Amino acid sequence: MSIHISSVVITLLISHKLQGVSRPDPRDPAEHPVPASPDDARAVPPAADDDAAAGPARRGRVPEPIKVLIAAAFVIALGYGIVAPVLPQFAASFGVGVAAASAVISAFALCRLVFAPASGAVVNKLGERPTYLIGLIVVALSSAATAFAQTYWQLLIFRGLGGIGSTMFTVSAMGLIVRLAPPTMRGRVSGYYATAFLLGGILGPVLGGLLAGLGMHAPFLIYAGALLVAVLVVYVRLKDETIGAKRAGRAQPPMRVREALDAGAYRAALASSFSTGWTAMGVRVALVPLLAVQVVGEGPAVAGLALALFAVGNAAALTVTGRLTDRVGRKPLVLTGLLVCGLATIGVGLSTSVVMFAVLSLLSGVGSGTLNPGQQAAVADVIGPDRAGGKVLSRYQMCADAGQIAGPVLAGALADAAGFGWAFGISGALMLLAAIAWLPVRDTLPPESRTHGPAPRRK
């Protein structure tokens, strides 16, 4: 019960803190609709009578429903971070080998990938809020069932089912952000959302370590409780009529994936999403600890330092690049992030000292944090607030999941065959190839929304 109360308090504190994170902006997004991009002739501009977000947008404030989503994201990531360090040990307790224990982790990601297309269809059918709540409940039940697994196969199945719920709330959360964030603050909102997940992911393992004395079953029950807290907050604080599939009495036509693929920004975002999943999410976690021991010549402490520095660089970049994305454009920040992360990743594979290893890990995190807000904002620009984009968003998420699954396996095989330099070199090269894909793309941020200075305050 104390954990549940703490989660509620944290959620409320974050929601309160977000009341002051945005600077008032006199520009009214309703008066500056997003023009159809030359890359996407089917783009639909936002309606001027969007009462759900028009009020906050006029004052340059993050809409209240998005603050709730950001606070919920923190609670979700916190719970996941509590579970992550325990899961492999729990699987090994059933007497299986390393490969089988690792398969429990892969099962979650694989179910996310396989169910992603169906989750997009569910979002288009039911609306974002119901899908979000159902997804959280599925993951909560999966986590609780995992705690009581009696065999390895039960553990594998229960954990895999959680991946289905995970992709449901992930895709629907992206859909909510697309619908509720005005074009002039989509990058900022994406940055806040990613930061909430990042902070929860950092604090979760720390809290999990403090709870280690409770046994291996307790973290899964705590995670389930944290998810139910998020369900309660979202159910109470978000109003269905402001975010459902029908707004202002208008049915929202779903955007087909083929339509989105007509936009160069969406095609480029798919490429960068895959390369980010491969490099920043997959290879980083799987191979950096091994590289620290076998090449740099240090133990787990240095590997932990490298992962922590990546997170620090990521968080530091997100605090700045979200706003920059809304001022100077999506494309410049995405290109910068891909180049920095790609070159730093190549350098990590060539590291021969702890200092070089640490600095390049930090730069990799900076690059990742620089590109993500612009990448997600560009996808949101392509969809627009008046289209149901469940399937389009699910394909975007699938690319990241596919990269995260394939990266550790293929890069690991390459490291065995040719060395870590080649494994990290190819991974960094994927980021550079994604940057090339962005070069011919027209920026999706409306020209009238760009400014190189801080927005003046309304008197």
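The values are calculated or read from the model by the stated rules, or taken from the named source; none is laboratory data. Just so we're clear, the structure is a prediction, and the values are computed from it rather than from any experiment. Glycine gets a Cβ as well: all are built from the backbone with ideal geometry, and neighbour counts include every protein chain shown. We work out accessible area using only protein heavy atoms, side chains counted, and drop any ligands, DNA or RNA first. Shrake-Rupley method; radii C 1.70, N 1.55, O 1.52, S 1.80 Å.
Tabulated values for the structure
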| item | result |
| --- | --- |
| Inter-site label distance for I105 and A418 at 7 Å from Cα along Cβ, in nm | 2.5 |
| Label-point gap, in nm, between L203 and R267 - each point 7 angstrom along Cα→Cβ | 4.3 |
| Cβ-derived FRET efficiency at R0 45 Å, V354 paired with V320, nearest 0.05 | 0.95 |
| Amide H contacts under 5 Å for V62, placed H, 5+ residues apart | S22 |
| Per-peptide average of other Cβ atoms within 10 Å, ordering 354-365, 420-431 highest first | 420-431, 354-365 |
| Check: the range 321-403 dipole with +1 on Lys, Arg Cβ and -1 on Asp, Glu Cβ, in debye | 160 |
| Added length on full extension, which subtracts the Cα-Cα distance from 0.36 nm per residue, Y235 to L433 | 67.1 nm |
| Cα→Cβ-extended label distance, 7 Å offset, between V257 and I157, nm | 2.9 |
| Protection proxy ranking, peptides 217-228, 378-389, average beta carbon neighbours within 10 Å, highest first | 378-389, 217-228 |
| Rounded percent of accessible protein surface that carbon and sulfur make up, the range 142-203, 1.4 Å probe | 80 |
| Highest-first arrangement of 406-417, 257-268, where packing means the average Cβ count within 10 Å | 257-268, 406-417 |
| Lys, Arg +1 and Asp, Glu -1 on Cβ, resulting dipole of the range 263-369 about Cα centre, debye, nearest 20 | 420 |
| Long-range amide H partners of A388 with built H, under 5 Å | M255 |
